[in-house]
1. Using only Cα positions of the range 226-267, each an equal point scatterer, no hydration layer, compute I(q)/I(0) via Debye at q = 0.20 Å⁻¹ and quote the log10 values to two decimals.
2. Are any of the pairs K88/K128; K51/K166; K103/K196 more than 32 Å apart by Cα-Cα distance, and if so, which?
3. Just check the range 236-289 against the gyration tensor rule for me: Cα atoms, a ≥ b ≥ c as the square roots of the eigenvalues, rounded for a/c under 1.5, and otherwise prolate or oblate depending on whether a/b exceeds b/c.
4. Sorted from largest down, what three extents in whole angstroms do the Cα atoms of the range 1-86 have along their principal axes?
5. Cut-off under 24 Å on the C-alpha distance; same-chain residues fewer than 8 positions from K248 excluded. Which lysines are left, in chain and number order?
6. List the relative contact order of the chain as a percent without decimals, with contacts defined as Cα pairs under 8 Å and 6+ residues apart.
7. Cα centroid distance between the range 18-59 and the range 159-230, in Å?
8. From the square roots a ≥ b ≥ c of the eigenvalues of the alpha-carbon gyration tensor of the range 91-172, which class results: rounded (a/c under 1.5), prolate (a/b over b/c), or oblate?
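Nothing in this text is a laboratory measurement; each read-out follows from the coordinates by a stated rule. Bear in mind the structure is a predicted one, so any value in this text is a computation, not a measurement. Note: ideal-geometry Cβ built from the backbone for every residue, glycine included; neighbour counts use all protein chains shown.
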Amino acid sequence: MNTLHKEITTLNGTEKVAIHGLQIGRLAIKKSAMNAEQPGTISTLLSFRDKEFGDWLPIWAWVIVHPEGTFLIDTGLSSDVNQKGYFKELDFISKYYFEKQMKFDIKREEEIDQQLKKIGIETQSISKIILTHLHIDHTGGMKHFPNIPILVNETEWKTKDGAFPKLFPPNCNIQTVKLDSKYALFEQCHYLTKSKDLVMIPTPGHTRGHVSIGLISKEKTLYLFAGDVAYNYDRLLNQSFSATINNKTQNTASCKKILELAKTKSILFLPTHDEENIQRIKNNDKIKG
Ligand SMILES: [Zn+2]
């Protein structure tokens with residue numbers, strides 16, 4: 001399993017912030033679903049005929065150890081997906097989709113609680129969890145954090161595109177967030193720290209309430225934990241999406257806005273499913289705006 005670690009200085013220049021990337025297993029979807037010309041339900045259904053799976057995609061979750069608290073961005077997948085009957089409560093099509101149209105590779109020791117323990121962080125010491133969106137490979141680890149506040153964009157919680165609340169643990173402490181402040185080109189964001197260096201940024205389209213999380217360093221680099229706005233950097237540049245996204249127009253606009261922001265800000269793009277995240281952090285490769 002892959003991990004990455006990076007230390008940066010806070011925006012106000014006085015303290016350190018540690019970024020830990022933890023790979024929580026991997027998944028694959030059908031090849032034709034990975035690259036759909038026209039995403040949507042029809043493309044998803046047509047991909048059921050495809051025999052071939054696309055490449056394995058890593059699933060990253062992120063821990064930010066910040067002077068104002070320890071934040072976990074997304075919780076990865078649960079190894080319970082391997083158990084027969086995990087999807088039994090879902091409607092027929094969704095159950096079929098997860099059981100036959102997706103492949104999961106995750107072991108118990110790769111789950112978020114075990115990986116946090118390995119880097120010396122107790123699950124109960126997480127101050128807040130922040131979700132980019134509610135898909136199962138981002139919410140699967142919520143069960144390890146009973147009662148810890150889980151921040152979700154209000155729109156995402158209302159719309160629940162492609163979300164399955166039946167799979168959420170009973171004791172998850174969801175707190176919805178209103179996007180109420182401006183950050184750069186984005187009129188409606190939400191600052192997650194008093195020092196205004198951790199910010200929830202709307203990047204809708206993959207789901208209508210999808211957000212990215214930005215961490216701003218002393219050098220004004222924006223570390224953008226971008227969820228599924230694009231599965232990787234190339235797909236951000238080309239605005240290429242999977243069949244399962246909710247709204248292509250919105251998703252295209254979100255990608256273009258990130259590229260527009262990269263003209264004036266130095267952005268390190270860190271989406272959930274990118275093989276190159278480790279390399280990108282190591283080489284300090286910014287988005288070429
Ligand atoms: Zn997703």
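1. -0.57
2. Values: K88/K128 30 Å; K51/K166 29 Å; K103/K196 39 Å.
Going by Cα-Cα distance, K103/K196 fall outside the 32 Å limit.
3. Working: a/c = 3.15, a/b = 1.37, b/c = 2.30.
Oblate shape, in that a/c is at least 1.5 and b/c is the bigger or equal ratio.
4. 56, 33, 20
5. K30, K31, K158, K160, K178, K256, K257, K263, K288
6. Numbers: 646 pairs, mean separation 52.2, N = 289.
Value for the chain: 18 percent.
7. 22
8. Details: a/c = 2.44, a/b = 1.29, b/c = 1.89.
Since a/c reaches 1.5 but b/c is at least a/b, the shape of the range 91-172 is classed as oblate.
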